[in-house]
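Undergrad: Attaching a single structure in structure tokens format; questions to follow.
The values are calculated or read from the model by the stated rules, or taken from the named source; none is laboratory data. Owing to the predicted nature of the structure, the values given are computational and were not obtained by experimental measurement. Cβ coordinates were reconstructed from backbone atoms using ideal geometry, including for glycine residues, and neighbour counts include every protein chain displayed. Note: areas computed on protein heavy atoms with side chains; ligands, DNA, RNA excluded. Shrake-Rupley method; radii C 1.70, N 1.55, O 1.52, S 1.80 Å.
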Amino acid sequence: VVDTGSPFLLVEGARPDGTCGQAANAQRWGCYKGAARGTGLPDTDELFGGEDVGVQWRQGAFALRNASSSGGGLAIDDAIFGRINSYEGKGGGGAVFLGFAKRRLPRIRPTLLEQTGVAALRFDFPGRRMQLSPVPLIGWREDALRLIDLRPRGTPIANYACRVERLVVNGCLVPLDRPCVAVIDTGTTGLSVSEDLYDSGILPVPVREAQIEMRTERGGVAVLEASVRRRRRPYPGVPTIEQPLSAEEYEEFPLVVSPVPVPWFEPGFGEACADGEPFQCDGTPIGTRRSYLSTLLQRVDGLGEKPHVLFVGAAFLWPRQITIDVDACRMLIV
């Protein structure tokens, strides 16, 4: 699973008898049966995708094959990765997770991409190709989206987030009562909506179609769209889908909308990090007040105290090409 919403390389570990758990998924993906080497990092419990995952941190050689990669491919001699030992939650587990969120707070475990020279990602969903590049892929003349780093607010990783200009659901403009950000999350199928927005009563439900509009660097508008319909009405800024109505993506990536708790902006979030040590995720001792710089950055990003969050998944992405210049904090949607 290629997941822009998470940071780690995670693989399911074998059971003590050498067999793989999560039977249905294990038959498809297998599991990690090697021993690898210790890292000296304590085990952690990581929460993502509806799962509370027990992770043992190991070290070993890693290579990603059959991918279009500039600069020699994705290979790490001593990759730090997570061996999943347990699941608790609603998901099914049993896969290899390639987390492509690169930047993190200091006490979060090492991310996959920070161990590489990857500076940019390109997902050509219609062409079913992925490119990993050591140099930016978005030209300076391109009218791209500016990514917002939410780590100064306490989020553990730098998600690929943009401010939402307008949200249109079922043909109606949603009267957002506070700022809203969209997080590009290839590990999500449909659309996950922060509970405050989902339960506010301003979001038309059930959601049959949705358009998410975001302002570009030069004042243009980039739009992501999803619908339960295969024949979609024209919408400004949304190209016509070239795939036939029989394309399997319609079934694989349905527009499923669900609420999700987002604790990032709650008081005290990040004070207790996943390793259980007496330090916050930013490396400061528990109880330390947020720095002046962090408070200032929160005030100038224009998102207010507690923005709404949309986790935008494959239902919106599969007809498009998404390029993310990770280090340059820019994104281009074609």
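Undergrad: Rounded to the nearest 5, what is the percent of antiparallel bridges among the DSSP beta bridges in the chain?
TA: The antiparallel proportion sits near 80 percent.
Undergrad: Order these peptides, 274-282, 104-112, 31-39, by their mean beta-carbon neighbour count within 10 angstrom, highest first.
TA: Going from most to least packed, we get 104-112, 274-282, 31-39.
Undergrad: Let me ask something additional. Under unit Cβ charges (Lys, Arg +1; Asp, Glu -1), what dipole magnitude, rounded to 20 debye, does the chain have relative to its Cα centre?
TA: 700 debye
Undergrad: Something else now. With Kirkwood's inverse mean 1/r over C-alpha pairs for Rh, give me the Rg to Rh ratio of the chain, two decimals please.
TA: Values: Rg = 20.0 Å, Rh = 21.0 Å.
Looking at the chain, the ratio lands at 0.95.
Undergrad: Under the rule of at least 5 residues apart or a separate chain, name every residue whose amide H is placed under 5 Å from the amide H of residue 101.
TA: Under 5 Å from the amide H of residue 101: 6.
Undergrad: Residue farthest toward the positive end of the dipole of the chain, with Cβ of Lys/Arg at +1 and Asp/Glu at -1: which of 237, 112, 258?
TA: 237
Undergrad: Using a Gaussian network model of the chain whose springs link C-alpha atoms within less than 10 Å, name the residue from 124, 52, 17 with the highest mean-square fluctuation.
TA: Sorting by GNM fluctuation, first place goes to 17.
Undergrad: At a 1.4 Å probe, what is the % contribution of carbon and sulfur to the accessible area of the range 198-268? Write out the running numbers ahead of the final one.
TA: On the way: 2260 of 4210 Å².
Accessible surface attributable to carbon and sulfur in the range 198-268 totals 54 percent.
Undergrad: Still on this structure, please answer the following. Keeping all protein chains in place, calculate the accessible area per residue for the range 199-276 (probe 1.4 angstrom), answer in Å².
TA: Each residue of the range 199-276 exposes 58 Å² on average to a 1.4 Å probe.
Undergrad: Rounded, prolate or oblate: pick one for the range 86-194, where a ≥ b ≥ c are the square roots of the eigenvalues of its C-alpha gyration tensor, a/c under 1.5 means rounded, and failing that, prolate if a/b is larger than b/c, else oblate.
TA: Verdict is rounded for the range 86-194.
Undergrad: Another one. Looking at the chain as a GNM with Cα springs under 10 Å, which of 300, 256, 221 has the largest mean-square fluctuation?
TA: 300
Undergrad: Which cysteines in the chain lack any other cysteine whose Cβ sits under 4.7 Å from their own Cβ?
TA: 162, 172, 180, 329
Undergrad: Taking only DSSP H segments of four or more residues, each worth -39500 (n - 2.57), what value at 222 nm results for the chain once the sum is divided by all its residues, to the nearest 500 deg cm²/dmol?
TA: Helix contribution divided over all residues of the chain: -2000 deg cm²/dmol.
Undergrad: Got a sec to turn the phi values of the range 203-210 into Karplus ³J(HN,Hα) couplings, 6.51 cos²θ - 1.76 cosθ + 1.60 with θ = phi - 60°, whole Hz, x for Gly and Pro?
TA: Karplus values, whole Hz, x for Gly and Pro: 8, x, 10, x, 7, 9, 7, 8.
Undergrad: Of 74, 303, 245, which is the most mobile in a GNM of the chain whose springs link Cα atoms less than 10 angstrom apart?
TA: Maximum among the listed residues: 245.
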